[in-house]
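Since the structure comes first, as structure tokens, the remarks are kept for the end.
The values are calculated or read from the model by the stated rules, or taken from the named source; none is laboratory data. Nothing here was measured: the structure is a model prediction, and the numbers come from that model. Reconstructed Cβ throughout: ideal geometry from the backbone, glycine too, with neighbour counts over all protein chains shown. When the accessible area is computed, the model is the full protein with side chains, heavy atoms only, and any ligands, DNA or RNA have been set aside. Shrake-Rupley method; radii C 1.70, N 1.55, O 1.52, S 1.80 Å.
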Amino acid sequence: MKAIYPFGNCGKAIASILEFFGEEYKIDDIQTSDCVLIASKRYKYKLQQELQEKNITNYIDGLEYTGKKLNYYLKAKFPKNSVALIYDDYKGQKHFGLVESLLRSKNIPICRFIYPDVLEYETCEYDFVICQDLIPFLNAFKLFICTGILTHIPYDSYSLRIPSHYYIFDYHAFYHNPKTRGFWSLKGAISSAGGGGDFEY
């Protein structure tokens with residue numbers, strides 16, 4: 001039996017993927033015979049040590065296991081020019097504006113992901129529940145669009161951020177630098193797209 005440890009946001013995302021593929025799991029009463037899916041990137045080695053102290057040695061990286069499994073499925077379903085929409089804050093769907101409909105009007109395949117903590121508050125439509133640490137495994141997509149900051153993405157993919165509010169520190173760091181001013185022009189174009197302007201892909 002697979003066991004998820006611990007059962008935080010990453011654990012919930014792993015559980016959702018396992019359920020999609022019809023795999024059973026448990027989140028408590030871990031036995032030495034269980035295959036433990038470690039559900040944390042930051043505390044991975046600390047958790048491994050904790051398991052070893054409990055004489056549990058049958059463990060794997062749960063994020064890598066489910067991330068690769070999901071990516072294999074997505075690559076078979078979506079062409080490489082597909083776009084991933086990441087609902088990563090409580091008003092993510094609202095801040096995307098018309099971006100999704102504009103992409104669909106160009107016949108660009110879209111897959112919608114939502115974070116577990118956002119799912120608790122939002123009722124928007126989504127395809128899969130994931131956490132940020134699963135994204136590096138999902139190289140089935142050419143572009144990731146989000147409202148927050150993606151710290152890591154697949155090496156051959158791109159990310160586009162649609163900020164949900166004004167970032168004063170980003171403004172001073174980027175806008176007053178002529179070399180990066182184009183970033184703000186691009187962001188303005190995307191923001192206007194959300195309000196009904198043109199969106200180029």
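Some notes on this structure:
- Selection count where residues are in a loop (DSSP other than H, G, I, E, B) and open to solvent by less than 40 Å² (accessible area, probe 1.4 Å), scope segment 123-141: 6
- Scanning segment 94-122 for residues that are in a strand (DSSP E or B) and aliphatic (A, V, I, L, M) returns ILE110, ILE114.
- So GLY67, is it at pLDDT 95 or above, of a type in the set (Gly, Ala, Ser) and within 18 Å of PRO154 (Cβ to Cβ): yes
- The set of residues in segment 1-21 that are open to solvent by less than 80 Å² (accessible area, probe 1.4 Å), over 19 Å from ILE86 (Cβ atoms) and of a type in the set (D, E, K, R) contains only LYS2.
- Pair list, Cβ under 9 Å, 6 or more apart: segment 1-20 residue closer than 14 Å to ILE60 by Cβ and without any contact (Cβ under 8 Å) to a residue 40 or more places away in the chain, other residue assigned to a helix (DSSP H, G or I) and open to solvent by less than 50 Å² (accessible area, probe 1.4 Å): LYS2/LEU18; LYS2/GLY62
- Lone unmet requirement of (1) buried (at least 19 other Cβ atoms within 10 Å of the Cβ); (2) at pLDDT 95 or above; (3) of a type outside the set (A, V, I, L, M, F, W, C) for TYR87: (2)
- Out of LEU63, LEU47, LEU51, one residue alone is within 22 Å of the chain's Cα centre (by Cα), touching a residue at least 12 places away in the same chain (Cβ under 8 Å) and open to solvent by less than 20 Å² (accessible area, probe 1.4 Å). It is LEU63.
- Conditions (1) buried (at least 18 other Cβ atoms within 10 Å of the Cβ); (2) of a type outside the set (Val, Ile, Thr); (3) modelled with pLDDT of 80 or more; (4) over 29 Å from SER40 (Cα atoms): number failed by ARG112: (4)
- Flag for TYR73 being surrounded by 14 or more Cβ atoms within 10 Å (Cβ to Cβ) and in contact with a strand residue (DSSP E or B) (Cβ under 7 Å, 6 or more places away or on another chain): no
- Segment 101-117 residues that are charged (D, E, K, R), paired with ones that are part of a strand (DSSP E or B) and surrounded by 16 or more Cβ atoms within 10 Å (Cβ to Cβ) (beta carbon under 7 Å, 6 or more apart): ARG104/ILE110; ARG112/LEU85; ARG112/TYR87
- Segment 22-42, subset open to solvent by 100 Å² or more (accessible area, probe 1.4 Å) and touching a helix residue (DSSP H, G or I) at 6+ places or on another chain (Cβ under 9 Å), residue nearest to PRO136 (Cα to Cα): LYS41
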